[in-house]
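Structure, as structure tokens:
The values are calculated or read from the model by the stated rules, or taken from the named source; none is laboratory data. No experiment lies behind these values; they were computed from the predicted model shown. Positions of Cβ are generated from backbone atoms using ideal geometry, with glycine treated the same way; all protein chains shown enter the neighbour counts.
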């Protein structure tokens, strides 16, 4: 990335060149974010055997239970923070 000297004035060419460089960087970041998003939301591969299937179901159920417990704790803390008048 070529940056002009502090003493030299900016020209329209410098600004347009910098704009083009930033646009390329933005497009690269968008592609990377899209790739990562697809990777995160891709469906799980089928389990290779019955043991893996059981372990995956167990992990999923634990994650759901943990989410419910966290939600209940948050609700209680909000209720305590705002007092009993909002019940």
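Per-structure values
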item: Selection count where residues are surrounded by 10 or more Cβ atoms within 10 Å (Cβ to Cβ) and assigned to a helix (DSSP H, G or I), scope region 30-57; result: 14
item: The one condition in (1) at pLDDT below 85; (2) in a loop (DSSP other than H, G, I, E, B) that residue 81 fails to fulfil; result: (2)
